[in-house]
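Here is the structure we will look at, set down as structure tokens.
The values are calculated or read from the model by the stated rules, or taken from the named source; none is laboratory data. Note that the coordinates shown come from a computational prediction; the quantities given were computed from them, not determined experimentally. Cβ atoms come from the backbone with ideal geometry, glycine included; neighbour counts cover every protein chain shown.
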Amino acid sequence: MRVLLVYPEFPDTFWSFKHALRFISKRASFPPLGLLTVAAMLPSEWEKRLVDMNVASLEASDLAWADYVFVSAMAIQRRSVEEVLSRCRQAGVPVVAGGPLFTAEPESYPSVDHLVLNEAEVTLPRFLSDLAAGRPERVYASGEFADIRQTPVPLWRLADLERYAAMNIQYSRGCPFNCEFCNVTALFGHVPRVKTAAQIVAELDSLYALGWRGNVFFVDDNLIGNKRHLREEILPALRAWRARDKGIRFQTEVSINLADDEELTRELVEAGFDTVFVGIETPDDQSLAECGKVQNRRRDLAASVRRLQRAGLQVQGGFIVGFDADTPSIFQRQIEFIQRTGIVTAMVGLLQAPRGTRLYQRLAREGRILGDPTGDNTDGSLNFVPRMDPEQLLAGYRRILQEIYAPHAYYERIRTFLREYQPAPGRYRITRAEVAAFLRSLYRLGLREAGRLQYWKLFFWTLFRRPRLFPLAITLSIYGLHFRQVARRATAA
């Protein structure tokens, strides 16, 4: 059997970092972890190839070679998925599809030959067994949650690691919280399931053996969902593993209540974590109550962010406008909160209601659903009727993006962050790609950009005030170019 694993293309979005990746000559942020894990579950004697359309083109010769095409995608890749399915039909190659998009909307893809939905550890073996017996069914679905202690090491050798800015691994699935707008618990449940320390070390070892020495992102929706196992098993193993190469750094996603646990925060930093994405959503407590974001309520969110920054973690933040409780004052409050806390990477999006969420179900009962979300909450689209006047909501949203990513505000936010940030001891390893990025930044940001004066102010401020953080300051400056491009697109939509 010859299997072609195809990962559809992402559009240019906030998290694509498309404009920033050019500075380091990379094509995408991460390889397709899900497909590489599925590849490891397929029979070892099968021939396998990967085409990640974010780093390479899908050629007619690829489809001619394949007996089956396996496709996995998220909602934001919908447009590229349609192209892939059309080309597979024209080439006469049967398609096996799975992942979040197909699991949420199986009825939207009648042309797919086999839908292997939910978690592949549960449904893929049934499909493979039926395929071997010559009687594969069209749909394989299950409400059972997988035991990810049995999940194999991803088949990294299929990917051209040089084309990616970072690698990604998964430690857990599921989240103990129940935010109304989030589909994580609908897909993976409320009880976090975890891999063993041996599994995580094996995955890191496999990357290291292939020559990877860059950053590794833990893609868990909430790494601290099972604090006890993380603290007792995983973090000690990571500390021991990094003894061989302290230049490798980790990033992940956590809930804001990490700031309440000083010891766990310290242990994360000691294990090599330097960046966390946190769903802050809004400084408005009524809107937090509305969406069930209990972990964010009745706390000084700004103080929580500063505690994490001072402990050695850069905080990236997710923010949302469009809650029913939002009033026109929310736009200025969001701007002020983001600027005050120095959250440089601030993803501000319009509320969207994905299928399977409590929000979608509530809005459907109220007759307010307009269709399926695009999966890109920064593209200025709404898939439901908001309480606020839509024009006012969209105008306020555009204003946030225009203000927080204007050069003056953005560079000032970097300085605010660098004043608070206390990185863990250790030497920062500078790669040749980063040196090249620095030189390109001198030309692009220091000479060509409208905000070049702000670039040079940050350049010399950091050089004299926080010289150890100079590489980080340049990196964040380059991110800003990408964010401004995305903000311009969103505000023009």
Subject >> Within segment 355-451, helices (runs of 4 or more DSSP H) holding 2 or more residues that are closer than 24 Å to Asp12 by Cβ and at pLDDT below 95 >> reply: 432-443
**OP:** Looking for whichever is in contact (Cβ under 8 Å) with a residue 40 or more places away in the chain, within 21 Å of Phe17 (Cβ to Cβ) and within 20 Å of the chain's Cα centre (by Cα) here; the options are Ala353, Ala346. Which one fits?
**Re:** Ala346
Original post:
Under the condition of being of a type in the set (Phe, Trp, Tyr) and outside any helix (DSSP H, G or I), which residue from segment 120-176 is nearest to Val51 (Cα to Cα)?
Top reply: Tyr164
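Matching residues to (1) surrounded by 19 or more Cβ atoms within 10 Å (Cβ to Cβ); (2) assigned to a helix (DSSP H, G or I):
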site: Val3; (1), (2): yes, no
site: Asp12; (1), (2): no, no
site: Pro31; (1), (2): yes, no
site: Thr37; (1), (2): yes, yes
site: Arg49; (1), (2): no, no
site: Leu63; (1), (2): yes, yes
site: Val69; (1), (2): yes, no
site: Val96; (1), (2): yes, no
Subject >> Verdict on Ser111 being of a type outside the set (A, V, I, L, M), more than 27 Å from Asn377 (Cα to Cα) and outside any helix (DSSP H, G or I) >> reply: yes
Original post:
What are the residue pairs meeting all of these: first residue in segment 380-395, first residue in contact (Cβ under 8 Å) with a residue 24 or more places away in the chain, second residue surrounded by 18 or more Cβ atoms within 10 Å (Cβ to Cβ) and in a helix (DSSP H, G or I), Cβ atoms under 6 Å, and 6 or more apart or on different chains?
Top reply: Gly380/Ala490; Phe384/Leu363; Pro386/Leu393
**OP:** Please identify the pairs in which a residue from segment 456-485 that is within 21 Å of Gly312 (Cβ to Cβ) and without any contact (Cβ under 8 Å) to a residue 12 or more places away in the chain has its Cβ atom under 7 Å from the Cβ atom of a residue that is in a helix (DSSP H, G or I) and not aliphatic (A, V, I, L, M), counting only partners at least 6 apart or on another chain.
**Re:** Phe470/Thr462
Original post:
Among the residues of segment 334-354, is any charged (D, E, K, R) and either in a loop (DSSP other than H, G, I, E, B) or more than 20 Å from Gly318 (Cβ to Cβ) (or both)?
Top reply: no
**OP:** Mind telling me which of the residues Arg466, Arg429, Arg448 ends up being farther than 18 Å from Phe17 by Cβ and surrounded by fewer than 13 Cβ atoms within 10 Å (Cβ to Cβ)?
**Re:** Arg448
**OP:** Kindly indicate which of Leu401, Leu393, Leu418 is closer than 30 Å to Arg362 by Cβ, under 25 Å from the mean Cα position of the chain (by Cα) and among the aliphatic types (A, V, I, L, M).
**Re:** Leu401
**OP:** Return the only residue of Val305, Val315 being under 20 Å from the mean Cα position of the chain (by Cα), assigned by TED's automatic domain parsing to the domain that holds Asp389, farther than 15 Å from Glu403 by Cβ and assigned to a helix (DSSP H, G or I).
**Re:** Val305
Subject >> Subset of segment 247-263 (residues that are in a helix (DSSP H, G or I) and not charged (D, E, K, R)) >> reply: Ile256, Asn257, Leu258, Ala259
Original post:
Looking at (1) crowded, with 18+ Cβ neighbours inside 10 Å; (2) hydroxyl-bearing (Ser, Thr, Tyr); (3) under 24 Å from Ala424 (Cα atoms), which is the one condition that is false for Tyr208?
Top reply: (1)
Subject >> Any pair with Cβ under 8 angstrom, 6 or more apart, that starts in segment 153-171 at a residue that is over 19 Å from Phe23 (Cα atoms) and at pLDDT 95 or above and ends at one that is acidic (Asp, Glu) and buried (at least 16 other Cβ atoms within 10 Å of the Cβ) >> reply: Val153/Glu203; Pro154/Glu203; Ala159/Asp52; Ile169/Glu203; Gln170/Asp220; Tyr171/Asp220
Original post:
Name the pairs whose Cβ atoms lie under 8 Å apart, with the first residue in segment 125-148 and hydroxyl-bearing (Ser, Thr, Tyr), the second part of a loop (DSSP other than H, G, I, E, B), and 6 or more positions between them or separate chains?
Top reply: Tyr140/Leu117; Ser142/Leu117; Ser142/Asn118; Ser142/Glu119
Subject >> Residue identified as in the same structural domain as Gln170 (by TED's automatic domain parsing), within 21 Å of the chain's Cα centre (by Cα) and of a type in the set (Asp, Glu) among Glu281, Glu232 >> reply: Glu281
**OP:** Starting from residues that are surrounded by 16 or more Cβ atoms within 10 Å (Cβ to Cβ) and acidic (Asp, Glu), keep the ones in segment 114-130 and report whichever is farthest from Ser80 (Cα to Cα).
**Re:** Glu121
